[in-house]
1. Which FRET efficiency value, to the nearest 0.05, is calculated for Thr112 and Tyr52 with the Förster distance at 25 angstrom and r the Cβ-Cβ distance?
2. Let's test the formula: R0 of 41 Å, r as the Cβ-Cβ distance of Lys80 and Thr3. What FRET efficiency results, to the nearest 0.05?
3. Trp10 label point, 7 Å along Cα→Cβ, cut-off 12 Å on backbone N: hits in segment 44-76?
4. Give the relative contact order (percent, whole number) for the chain; include only Cα pairs under 8 Å separated by 6+ residues.
5. Sorted from fewest to most neighbouring beta carbons within 10 Å, what does the list Lys67, Lys75 look like?
6. If you take the Cα Rg of segment 15-108 and divide it by 2.2 N^0.38 Å, with N the number of residues, what do you get?
Amino acid sequence: APTQGDLTAWAQQGVLLLNTVLTVAQGQAHSHANWGWETFTDTVIERLANEYDNIVFMLWGAHAQKKAALIPDDKHCILKAPHPSPLSAHRGFFEAHHFVQANQYLMAHGRTPIQWAPGISVD
């Protein structure tokens, strides 16, 4: 089990983790929805999707899955699964194998696979 949650290695490989809403009041899920974050995050997604090819978008949860409409699926890989929160992770997230699928897609398109966990291969 990991002893820390530092995902710097993912960022250094080009992984961007992005919630649809970037702030929340403590203990109040979705409390900052409709504050304008969606406009910002939609723009980030659209710019990435339109300016680059062969990006893997992992859309986890109902809010994220709505963003598939912003992504041309003919030039990107769109993977959908339930949100990985402790409340829903066992409802399909673990079975989705998104990390393996992402690396398979990247390699099929001549891209370097992501090293998701040091010393563990998922390709």
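1. Values: r = 15 Å, r/R0 = 0.59.
Computed FRET efficiency for Thr112 and Tyr52 comes out at 0.95.
2. Numbers: r = 31 Å, r/R0 = 0.75.
Plugging the Cβ-Cβ distance into 1/(1 + (r/R0)^6) gives 0.85.
3. Those under the cut-off are 58-60.
4. Numbers: 122 pairs, mean separation 22.0, N = 123.
Relative contact order here is 18 percent.
5. Numbers: Lys67 19, Lys75 13.
So the ranking, lowest neighbour count to highest, is Lys75, Lys67.
6. Ratio of Cα Rg to 2.2 N^0.38 Å: 1.13.
We did not get these values from a lab; they are worked out from the coordinates using the rules stated. Here the structure is a predicted model, which means the values were calculated and not measured. Note that we place each Cβ from the backbone using ideal geometry, even for glycine, and neighbour counts take in every protein chain shown.
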